[in-house]
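I have placed the structure first, in the form of structure tokens, so that the comments after it can refer back to it.
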């Protein structure tokens, strides 16, 4: 499991869902991000890079700073 | 470094979530800023972040540096004072299109003219978001705004060209969609000695996007993806092709004497000659 | 070593700034204050300080406030229209508690007015020019030596109370040349703002826990990272939208000044001891008032002068006492009646208060005030 969600910061904008290439993420009934399919995550960081709310992180070190 | 730790390192504890609307790109740009600062290796104590007033200018309060949330349009005078009085500090200005190009326009061109070593990160969301979507000096012509219900007549600035014309020695444009590239541009701006402008194309789905039927937050980021063209490639386009595109990357870079270094020479001369 | 010189008021301000340890000036040229900028452009770099001429008056105060955040003592100087432009950031300095000395050499207004003629029309603007309730300290010199002394005093008050201080001059005082004896500058104690102690992570830039309600101020770049804002804020400087925060912050800002009126408010009494008739005058007008008191005494009118040196906060205690002592107060000022309103309000009927006003480009002359004193005596004598 390499995804970490900080729900309190999520505003449910859907950017991470839209840019995830593997449909790992969705929006819950309370309008927060939720993980639909964790095993499909390829740690591409599209979600982490464009989350405007610092609410989703890949829990692996960044390869090069 | 884990990205979460990087964010925690440079954000003040307990200040998130921020005040920006769902889908506002300001958070992406602020994230790019701290990633660039991480890459400079600079000590937090030695960095000042100065902002004006507006949505983007609220970023300074979240960041764990010496921070000033100044008055509307006035970030550059405050930043100039900090830099002149403490030239060893790295001074970064966070501003928006209304803050820097309208009410702060005079300060903007004169800071550029002096070529003082400041890095201006300008979040361009094409609107006054905080007051509800009025047109700014960077709103495209014929856009809807809450003060232009029939569309805008005004022509927008090309800020990078304005900065260059005023004497800035570094001007770049990035976008929230191209966030990793934006990190590189901000880093180059900080490392550049002299006045640096980094315009970051933001997106405001709530106050600007809705009025102009630009879709939701992901759609507005996809618009950036589809309309940004690297500067070199953009130059090869004809006028028709350029019409709905915008160049990103380093748009201008030059060498010129930096203000605080030149003023240090004045002090040396005055101490030698000044017979008071 | 002290030195005796013939000097203009504006230059004495520049010398006072250097004597107090000022290291930064930001400004914009404007008559009749420009000599302050010119002098400091020459003086400051010789002591390693910085002078910068900015693109406008707003930037002139903004750049100085930025420099103040790094721990420097700073100044901006202006006149009339420029003072109007600086109002925005005077409010910022008051709320964010950033020390700065702002010089306004008054000229005739409104608008461009009469750029080279004296007036005292900015008394109320100095008090209330920026929007919103705020405390302010305003000093008014009446001589060239006092330009020097009160500039140093302005820094003492500004640093001690973490507040903007306005040196409210007028064209008479700014351009007048007088003999001034300047002390050796190293004999003048350099005013210093209170420095924070304790661990950096516990630093609260706006905590009023200290007895005098003035929080210590950390300099940027020295290990205590804090947030400065023009929004109503909490003890750390972070925005706080609550009514409680508004109430508490404004209460403290006012109390830090109002609790120390005895330290801040300075007045001068001239031949008041046995006086029946009092002039109240400040700045350039006070010059004529001293002479008028002497002339009146020679004519058998027991006159005296109360001169507010600190014009804001108001010298309430002194004005009340004066109202209880004399039979008549004449407030003389080069405007259509500003300070007189406060005198009337404060004296509250204890004695009659009248205005001698003049605003025709000319200074008030002693003979005019003598006539006013004689007239007051006639009225009272008949009563």
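A few remarks follow.
- Sites residue B:261 and residue C:371, calculated FRET efficiency, Cβ-Cβ separation with R0 41 Å, nearest 0.05: 0.10
- Degrees separating the helix C:316-325 axis from the principal Cα axis of chain C, which is the longest one: 10 degrees
- FRET efficiency for the residue C:178 to residue C:244 pair, using the beta carbon distance and R₀ = 41 Å, is estimated at 0.20.
- Between helix B:105-114 and chain B: long-axis angle, C-alpha atoms, 0 to 90°, nearest 10: 40 degrees
- Cβ-based exposure ranking for C:54, C:176, B:181, C:1, in which fewest neighbours within 10 Å come first: C:1, B:181, C:176, C:54
- Helix C:9-20 axis, angle to chain C major axis (alpha carbon atoms, nearest 10°): 40 degrees
- Placing a pseudo-label 7 Å from each Cα along the Cα-to-Cβ vector at residue C:273 and residue C:348 gives an inter-label distance of 3.0 nm.
- Evaluated over region A:3-58, the Cα radius of gyration and Dmax, each in Å: 9.7, 26
- Each 10 Å bin from zero holds the following percent of Cα-Cα pairs in region C:241-360: 14, 40, 28, 12, 6, 1, 0.
- From least to most packed, judged by other beta carbons within 10 angstrom and beginning with the fewest, C:133, C:170, C:240 follow the order C:133, C:240, C:170.
- Among beta bridges that DSSP assigns inside the protein assembly as shown, antiparallel share in %, nearest 5: 30 percent
- Ordering B:4, A:48, C:316 by the number of other Cβ atoms within 10 Å of each residue's own Cβ, fewest first, gives C:316, B:4, A:48.
- Averaging Cα coordinates gives a centre for region C:342-382 and one for region B:233-276; these two points are 60 Å apart.
- Inter-label distance for residue C:357 and residue B:153, nm, one decimal - labels placed 7 Å from Cα along Cα-to-Cβ: 4.3 nm
- Under the simplified labelling scheme, the residue C:38-residue B:44 pair shows an inter-label distance of 4.9 nm, with each label point 7 Å from Cα along Cα→Cβ.
- From the Kirkwood radius over Cα pairs of region C:3-187, Stokes-Einstein at 10 °C and 1.306 mPa s returns a whole-number translational diffusion coefficient of 101 µm²/s.
- Sorted into 10 angstrom bins from 0, the C-alpha pair distances of the protein assembly as shown split as 3, 14, 22, 22, 16, 11, 7, 4, 1, 0, 0 percent.
- Rounded to 5, percent antiparallel among DSSP beta bridges of chain C: 30 percent
- For residue C:262 and residue C:53, the difference between the fully extended length at 0.36 nm per residue and the C-alpha to C-alpha distance is 71.6 nm.
- Take each residue of peptide C:47-56, count the partner chain Cβ atoms within 10 Å of its Cβ, and average: the result is 6.
- Rotationally averaged projected area of region C:1-87 (alpha carbon convex hull; nm²): 5.8 nm²
- Our note on the geometry: Cα centres of region C:113-174 and region C:54-78, 16 Å apart.
- Spin-label zone in region C:283-326 - amide nitrogen under 17 Å from a point set 7 Å from the Cα of residue C:133 along the C-beta vector: C:313-314
- Length-normalised contact order for chain C - Cα pairs under 8 Å, 6+ apart - percent: 16 percent
- Relative contact order %, region A:3-58, counting alpha carbon pairs below 8 Å whose residues are six or more apart: 44 percent
- Listed peptides B:223-236, B:243-256 appear in the order B:243-256, B:223-236 once ranked by packing, highest mean of other Cβ atoms within 10 Å at the front.
- The Cα center of region A:11-40 and the Cα center of region C:274-336 differ in position by 77 Å.
- Only DSSP H runs of four or more residues enter the estimate; each adds -39500 (n - 2.57), and after division by the residues of chain B the mean residue ellipticity at 222 nm equals -10500 deg cm²/dmol.
- Report note on the peptides B:157-169, C:253-265, C:100-112: ranked by the mean count of other C-beta atoms within 10 Å, highest first, their order is C:100-112, B:157-169, C:253-265.
- Computed over chain C, the ratio Rg/Rh where both radii use C-alpha atoms and Rh is Kirkwood: 0.99
- Using the Cβ-Cβ distance between residue B:141 and residue B:253 with R0 = 22 Å, the FRET efficiency computed as 1/(1 + (r/R0)^6) comes to roughly 0.15.
- Other protein chain Cβ atoms within 10 Å, averaged over every residue that makes up C:168-177: 0
- Dividing the summed -39500 (n - 2.57) terms of all DSSP H runs of n ≥ 4 by the residue count of chain C sets its mean residue ellipticity at 222 nm at -12000 deg cm²/dmol.
- Distant alpha-carbon pairs in chain B (separation over 30 angstrom), percent: 27 percent
- Anisotropy class assigned to region B:132-183 is oblate, per the alpha carbon gyration tensor with a/c at or over the 1.5 cut-off and a/b no larger than b/c.
- Considering only beta bridges that DSSP places wholly inside region C:3-187, some 30 percent are antiparallel.
- Contact order normalised by residue count of chain B, Cα under 8 Å, 6+ apart, percent: 18 percent
Here, each number is a calculation from the coordinates, and none is a lab measurement. Quick caveat: nothing in here was measured; it's all calculated off a predicted structure. Virtual Cβ from ideal backbone geometry, glycine too; neighbours counted across all protein chains shown.
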